[in-house]
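Peer 1: Take this structure first; my questions come after.
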Amino acid sequence: MEVESIKVMNQDIVKLDRFDGNNFACWQDKMKFLLTVLKIYYILDPNLQPIEDHVTATDETQPNAKELERVNQERKKSEEDELLCRGHILNTLFDRLFDLFTGMKSAKEIWDALEFKYRAEEQGTNKYLITKYFDFKFIDTKHLLEQVHELQVIVNKFRALKIEIP
């Protein structure tokens, strides 16, 4: 029954653009939203506690049957959510990235690897943007409004990245 509801829910969600290595922050935000709607984003939480391996016993010999059942259900749900999360992340990657990350077994491992690779590239882009801002000069031979527009575009990119201009 749960599988059917997941299938129906997935059909109603707008398909994400496939991530090709460009605009990582935008893709990541959309992916977080999708995984949150599907209630599986918790799998990527760095503070996620592993499910306990043993169940405390009510008496010296037998663990509580209800507690054992609860732990087994938690473990099963976690495994299913891990598989779904990994599948959704891989499904939104272009083929060359899919091939690169498909060998990784956990969704968290894929997420962290993508974040490490593309956040570093984004930081390089931010440095380029800052350099472009500091090197910006008004030129007499160009129309003033054109140059003001160029400067506004740079400033708006700063705002979008939440970088404060000195």
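FYI, it's all coordinate maths here, none of it is from the lab. All values derive from a computational prediction rather than experimental measurement. Note that each Cβ is placed from the backbone with ideal geometry, even for glycine, and that neighbours are counted across all protein chains shown.
Peer 1: In the structure displayed, which of 132/162; 39/76; 117/137; 39/162 lie more than 22 Å apart, Cα to Cα? Working shown, then result.
Peer 2: Details: 132/162 17 Å; 39/76 15 Å; 117/137 33 Å; 39/162 28 Å.
Flagged as over cut-off: 117/137; 39/162.
Peer 1: Here is a follow-up. Residue-wise, which Karplus ³J(HN,Hα) couplings in Hz belong to region 88-104, taking 6.51 cos²θ - 1.76 cosθ + 1.60, θ = phi - 60°, and x for glycine or proline?
Peer 2: These are the phi-based 3J(HN,Hα) values: 5, 5, 5, 5, 9, 9, 4, 3, 5, 6, 4, 4, 6, 9, 5, x, 6 Hz.
Peer 1: Continuing with this model, one more query. What is the sum of charges around residue 20, taking Lys and Arg as +1, Asp and Glu as -1, for the other residues whose C-beta is under 12 Å from the C-beta of residue 20?
Peer 2: 0
Peer 1: Ok, one more. Tell me the label-point distance for the pair residue 17, residue 141, using the 7 Å Cα-to-Cβ offset, in nm and rounded to one decimal.
Peer 2: Each label point is offset 7 Å from its Cα along the Cβ direction, giving 3.5 nm.
Peer 1: Follow-up. Give the residue list of trypsin sites (Lys or Arg not before Pro) in region 87-134 that are DSSP loop and have at most 13 other beta-carbon atoms within 10 angstrom. If you can, show how the numbers build up before the last one.
Peer 2: Values: sites: 96, 105, 108, 117, 119, 127, 132; in loops: 105.
Listed in order of number, the matching sites are 105.
Peer 1: Quick one: net charge around residue 86, please, counting Lys, Arg +1 and Asp, Glu -1 for every other residue with C-beta under 13 Å from its C-beta. Don't skip to the answer; put the middle values down first.
Peer 2: Details: positive: 105, 108; negative: 79, 80, 81, 82, 109, 112.
Charge balance near residue 86 sits at -4.
Peer 1: Let me ask something else about it. What is the calculated FRET efficiency for residue 33 to residue 100, with r their C-beta to C-beta distance and R₀ = 22 Å, to the nearest 0.05?
Peer 2: FRET efficiency, residue 33 to residue 100: 0.35.
Peer 1: Counting other Cβ atoms within 10 Å, keep those with at most 10, restrict to DSSP loop, and tell me which GluC sites (Glu not before Pro) in region 120-165 are left.
Peer 2: Passing both the DSSP loop test and the Cβ count: 164.
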